[in-house]
Amino acid sequence: MRSITAVVYREYLLRITSLTWLFFDLFMPLIYLLIFGIGFDRALADGIMMEGDLIPYNEFFLGGILAMTSFGIGMNTSYGFFMDRDNGIFYEQLTYPMTRGEFLLGKVLFNCLISTVAAVIALGLGSWLLGITILFVYLPVVFIGIIVGTAGWFFFLMIFALRIRRNDMYNTIINLLYFIMLFASSLFYPLDLLPAWLRTTALLNPVTWQADFLRYFTIGVGDISQVMVQSVYFIVFLIASFYIGTVTIRKIS
């Protein structure tokens, strides 16, 4: 337990000594919500149709913002992994008196804590500033979705940080992933509005699975049977990412 606490404390020190990094973790999703939410909400004054319901764009976008929070924090942590490996600190950490599991668990716990705080900020200010009606009774389920989602993105993006050697290649691939996975998903718009080929791509995207789950349990819009199937898909994605990530870290060590 002391080893896990030490890893969490190190992650905390890294964040408070780099306030820009902490700002991106906690507040960038909220800025997206305010800018895109207000802009598109006014442009689509009549709202958008989803599952037979006409809802304001702000409400639709909230679930996507929560999914973006998990993905963004996972991406920032992946960059930290890459830099630690690149400058040798990662290899030094592997010599510390703790298991690989304790090392990864400490990092995951801190990431889940940060994503939970960011979600509280987005939910609270989204409800207060934008008047979004949130199903507060389902908030425990929402936070479970955020924590599981953050863990999934942590292990998935960690693989790229540990396998890619060159800085330019890493940044290119990560930025491509960010662009493709966020925009080829249901994060910004309902899938019914997409061309068939892009809708198929989005349905295979784990960002869509998490966004649909969080959208359903924040505002109650969506197909519950589809959401449950997507939840199973995301759990499989998490397990696969965890397995590949742990195999990768064992090979490196």
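The values are calculated or read from the model by the stated rules, or taken from the named source; none is laboratory data. In this text, all values refer to a predicted model and were calculated from it rather than measured experimentally. Virtual Cβ from ideal backbone geometry, glycine too; neighbours counted across all protein chains shown.
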Fill in: Subset tally (residues that are touching a residue at least 24 places away in the same chain (Cβ under 8 Å), assigned to a helix (DSSP H, G or I) and not polar (S, T, N, Q)) for the stretch 47-89
21
Worksheet, complete the sentence: All conditions in (1) assigned to a strand (DSSP E or B); (2) modelled with pLDDT of 90 or more are true of VAL117 except (1)
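Look at the stretch 99-127 and say how many of its residues are of a type in the set (S, T, N, Q) and closer than 19 Å to ILE219 by Cα. Can you show your working first?
Taking the stretch 99-127 and keeping what is of a type in the set (S, T, N, Q), we get 99, 111, 115-116, 127.
When the remaining residues are screened for being closer than 19 Å to ILE219 by Cα, the result is 116, 127.
Matching residues across the stretch 99-127 total 2.
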Worksheet entry | Every residue from the stretch 164-184 that is surrounded by 15 or more Cβ atoms within 10 Å (Cβ to Cβ) and more than 18 Å from ILE73 (Cα to Cα) | ILE164, ALA184
Worksheet item: Going by the conditions given, is PHE71 at pLDDT 85 or above and out of contact with any Lys or Arg (no Cβ under 8 Å at 6 or more places or on another chain)?
Response: yes
Practice prompt. Please go through the stretch 176-203 and pick out each residue that is more than 22 Å from ILE55 (Cβ to Cβ), among the aliphatic types (A, V, I, L, M) and without any contact (Cβ under 8 Å) to a residue 12 or more places away in the chain.
Written response: LEU176, ILE180, ALA196
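Considering only the stretch 121-204, give the helices (runs of 4 or more DSSP H) lying wholly within it that have at least 3 residues that are under 17 Å from ARG215 (Cβ atoms) and among the aliphatic types (A, V, I, L, M). Full working, then the answer.
On the way: elements: 139-163, 167-183, 196-203.
Correct list: 139-163.
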Worksheet entry | So ALA211, is it small (Gly, Ala, Ser), on the phi < 0 side of the Ramachandran plot and touching a residue at least 40 places away in the same chain (Cβ under 8 Å) | yes
Response to the item:
Filtering the stretch 131-147 down to residues that are buried (at least 19 other Cβ atoms within 10 Å of the Cβ) and either among the charged types (D, E, K, R) or touching a residue at least 40 places away in the same chain (Cβ under 8 Å) (or both) yields ILE132, VAL142, GLY145, ILE146
Fill in: Single unsatisfied condition, ARG215 versus (1) basic (Lys, Arg); (2) under 19 Å from PRO29 (Cβ atoms); (3) surrounded by fewer than 15 Cβ atoms within 10 Å (Cβ to Cβ)
(3)
Discussion item. Anything in the stretch 84-102 that is among the β-branched types (Val, Ile, Thr) and touching a helix residue (DSSP H, G or I) at 6+ places or on another chain (Cβ under 9 Å)? List them, or say none.
Written reply: ILE89, THR99
Item to complete: Please list, ordered by first then second residue, the pairs with beta carbon atoms under 8 Å, 6 or more apart or interchain, first in the stretch 1-29 and closer than 19 Å to THR95 by Cβ, second surrounded by fewer than 17 Cβ atoms within 10 Å (Cβ to Cβ) and of a type in the set (S, T, N, Q).
Response: SER3/THR99
